[in-house]
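Everything on this sheet refers to the single structure shown next.
The values are calculated or read from the model by the stated rules, or taken from the named source; none is laboratory data. Just so we're clear, the structure is a prediction, and the values are computed from it rather than from any experiment. Glycine gets a Cβ as well: all are built from the backbone with ideal geometry, and neighbour counts include every protein chain shown.
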Amino acid sequence: MCWVCDHPNATRQDHLEYVRGLLEQHCWVVVGVQRDRYRPSYSYTVGLTEHGKPELVVTGLPQQRATDLLNDVAAHLMHADAPAPGEQARLTTGPLIEIVQVSEPTVHLRVAAELCGPQLRAIQLVYADDRGHWPWERGFRGGRGGQPVLGARAAKAA
């Protein structure tokens, strides 16, 4: 269950205070948004903005796998420059990913937007399927609901 589900009488402000408390103990947290009728699940970080880094988002993965992926990349990002849109990387504990700049982060990263304000930037970790196909390619197998891409694909970084 999620915090909101476990606290049905809590307000939005209560939830934001809970996240602020977690951020006092950790550099970032991962927020999961469950699948609904119109879109697959997605997860994103909150807190990287305070360290001068973009928030991270991944769509279409089960919650635990998304959390593990985001935590691994966020831990690396804390001591490295953010990857550029279009850059690809094979993760040691995950899939081949390509970085996409999220065009409207305040729409998708609601908790981060409320806590970070207008300086919020986000990048999406878009992953290839098990055959190396990307969501923008014919034949992509993205599972139930696919993998929505939340921004325009950039030219590959050199």
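Residues in region 5-25: is at least one over 24 Å from Asp129 (Cα atoms), touching a Pro at 6+ places or on another chain (Cβ under 7 Å) and surrounded by 12 or more Cβ atoms within 10 Å (Cβ to Cβ)?
No, every residue in region 5-25 fails to be over 24 Å from Asp129 (Cα atoms), touching a Pro at 6+ places or on another chain (Cβ under 7 Å) and surrounded by 12 or more Cβ atoms within 10 Å (Cβ to Cβ).
Being without any contact (Cβ under 8 Å) to a residue 60 or more places away in the chain and in contact with a strand residue (DSSP E or B) (Cβ under 8 Å, 6 or more places away or on another chain) is the requirement here; does Ala128 meet it? Before you say what the answer is, go through the steps one by one.
Numbers: without any contact (Cβ under 8 Å) to a residue 60 or more places away in the chain: yes; in contact with a strand residue (DSSP E or B) (Cβ under 8 Å, 6 or more places away or on another chain): yes.
Yes.
Considering only residues that are without any contact (Cβ under 8 Å) to a residue 24 or more places away in the chain and surrounded by 15 or more Cβ atoms within 10 Å (Cβ to Cβ), which ones fall in region 136-147? Don't jump to the end; show me each part of the working.
Taking region 136-147 and keeping what is without any contact (Cβ under 8 Å) to a residue 24 or more places away in the chain, we get 136-141.
Phe140, the sole residue that qualifies.
All but one of (1) modelled with pLDDT under 95; (2) under 18 Å from Gly151 (Cβ atoms) hold for Pro54, so report the exception by its number.
For Pro54, the failing item is (1).
Looking at region 130-149, can you tell me whether even one residue there is part of a loop (DSSP other than H, G, I, E, B), closer than 17 Å to Ala89 by Cβ and among the small types (Gly, Ala, Ser)?
yes
Given (1) in contact (Cβ under 8 Å) with a residue 60 or more places away in the chain; (2) touching a Cys at 6+ places or on another chain (Cβ under 8 Å); (3) assigned to a strand (DSSP E or B), identify the lone condition not met by Thr49.
Result: Thr49 fails condition (3) only.
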